[in-house]
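The values are calculated or read from the model by the stated rules, or taken from the named source; none is laboratory data. Not measured: the values here are computed from a predicted model. Here the Cβ positions follow ideal geometry from the backbone for every residue, glycine too, while neighbour counts run over all protein chains shown. When the accessible area is computed, the model is the full protein with side chains, heavy atoms only, and any ligands, DNA or RNA have been set aside. Shrake-Rupley method; radii C 1.70, N 1.55, O 1.52, S 1.80 Å.
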Amino acid sequence: MPSEMTAHVIEEYGDPDVFTETERPVPEPDPGEIRVEVVASSVNPVDYKIRAGHIPDFAPEFPATLGCDVAGVVDAVGEGVDRFEPGDEVYGMPGGAGREGAVGDYV
């Protein structure tokens with residue numbers, strides 16, 4: 001497991017070209033959480049509105065990784081997780097609005 005991952009972040013509000021490719025630590029799942037290796041993510045209307053600065057209360061702290069939607073494979077589970085296990089294929093809305101999102105290698 002690498003300790004760093006590639007993510008596309010915003011450091012300020014603005015146009016679509018404000019995304020910056022960067023290296024970030026691979027997140028560790030907290031109790032009750034899973035970590036997903038991202039296969040696909042999206043940019044949906046809430047991501048666009050956060051990036052443009054229209055709804056700053058929903059933005060993660062800068063530098064912010066957006067991406068409310070994800071499809072991927074569970075690669076780690078936090079303490080107390082018994083519904084998922086590594087290798088499970090999943091999809092959902094893990095973050096991007098108020099917490100780190102899925103426009104990276106892991107979420």
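For the stretch 1-105, the relative contact order works out to 32 percent when only alpha carbon pairs closer than 8 Å and six or more residues apart are counted. Charge dipole (Cα centre; +1 on Lys/Arg Cβ, -1 on Asp/Glu Cβ; no other charges) of the chain amounts to roughly 320 debye. For the chain, with all protein chains present and a 1.4 Å probe, just round the carbon and sulfur fraction of the accessible area to a whole percent. Whole-percent figure for carbon plus sulfur exposure: 50. Solvent-accessible surface of protein heavy atoms, probed at 1.4 angstrom with all chains present, puts D47, D57 in the order D57, D47, largest first.
For log10 I(q)/I(0) by the Debye sum over Cα atoms at q = 0.18, 0.19, 0.20, 0.23 Å⁻¹, several values are listed as (i) -0.93, -0.99, -1.05, -1.26; (ii) -0.82, -0.90, -0.98, -1.22; (iii) -0.91, -0.96, -1.01, -1.14; flag the one computed from this structure. Entry (ii). With protein chains left intact and a 1.4 Å probe, residues in the chain average 59 Å² of accessible area per residue. Taking the helices alone, the chain has a mean residue ellipticity at 222 nm of -2000 deg cm²/dmol, built from -39,500 (n - 2.57) per DSSP H run of at least 4 residues and averaged over all its residues.
Among Y91, Y48, Y13, the order of accessible area from largest down is Y91, Y48, Y13, computed with a 1.4 Å probe on protein heavy atoms.
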